[in-house]
Amino acid sequence: MSLYFDSQLCAFFNSELGPVPDGALPVEEETYQAIQAGLQAGQRLAANKKGQPVLLDALPPTPEELAAQAQAELTRRIQMATFAIAPLADALELGIATEEEQASLIAWKRYRIELSRMPQQPGYPTDIDWPTEPLK
């Protein structure tokens with residue numbers, strides 16, 4: 001396989017699959033594989049001053065990305081709490097909840113309320129102090 005890297009496009013090309021831009025530099029298979037592994041690990045591709053491919057550290061997440069990550073985690077935790085609450089609430093409603101189940105229901109409901117208040121927490125979504133999940 002004949003691999004090339006074009007620093008202007010910051011892209012790899014395989015001469016066996018199509019044309020290679022003028023000025024693209026040949027790349028060893030090992031270099032290509034190492035770069036692919038770095039990209040999979042979250043690093044980013046760039047060109048050095050000689051036009052060769054290099055890996056750079058990943059950029060820190062943007063405020064929008066942090067907010068989306070926090071919202072996804074918040075949603076996941078609320079769904080988990082709701083899943084834990086449902087059978088406990090059913091047992092209480094039917095009058096068959098044990099004292100342990102009643103205490104667990106209260107703990108899970110309190111946890112879910114704490115989660116629902118997370119967006120009002122100072123520092124949210126960049127600095128989050130998640131509440132402790134109740135014991136199962």
Placing each pseudo-label 7 Å from Cα in the direction of the beta carbon, Ile78 and Leu135 end up separated by a distance in nanometres of 2.8
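Work through the residues other than Ser104 whose Cβ is under 11 Å from its Cβ and net out their charges, Lys, Arg +1 and Asp, Glu -1.
Numbers: positive: Lys109, Arg110, Lys136; negative: Glu99, Glu100, Glu101.
So the surrounding residues net to 0.
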Chain lengthening between Gln8 and Lys50 when straightened (0.36 nm per residue, less Cα-Cα):
14.0 nm
Can you list which of the chymotrypsin sites (Phe, Trp or Tyr not before Pro) found in the range 1-45 are DSSP loop residues with at most 11 other C-beta atoms within 10 Å?
none
Sequence gap at least 6, Cα distance under 8 Å: using those rules, report the relative contact order of the chain to the nearest whole percent.
16
Given the peptides 76-84, 49-57, arrange them by the average over their residues of other C-beta atoms within 10 Å, most packed first.
76-84, 49-57
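Grab the Cα-Cα distance for Ala68 and Tyr124, subtract it from 0.36 nm times how many residues apart they are, and report the gain in nm with one decimal.
Between Ala68 and Tyr124, full extension yields 19.0 nm more.
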Cα gyration tensor of the range 13-53, axes a ≥ b ≥ c as square roots of the eigenvalues: rounded (a/c below 1.5), prolate (a/b > b/c) or oblate?
oblate
Under 17 Å from the Cα of Lys109 - lysines, other chains or at least 8 residues apart
Lys136
State the label only: which of [x] 13.4; [y] 9.7; [z] 7.4 corresponds to mean projected area of the Cα convex hull in nm² computed from the shown model?
[x]
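What 222 nm value per residue comes from the helices of the chain, counting each DSSP H run with n ≥ 4 as -39,500 (n - 2.57) and dividing by all residues, nearest 500 deg cm²/dmol?
On the way: 3 runs with 61 residues, N = 136.
It comes out at -15500 deg cm²/dmol, rounded to the nearest 500.
We did not get these values from a lab; they are worked out from the coordinates using the rules stated. All values reported here derive from a predicted model rather than from experimental measurement. Ideal geometry is used to build each Cβ from the backbone, glycine not excepted, and the neighbour counts take in all protein chains shown.
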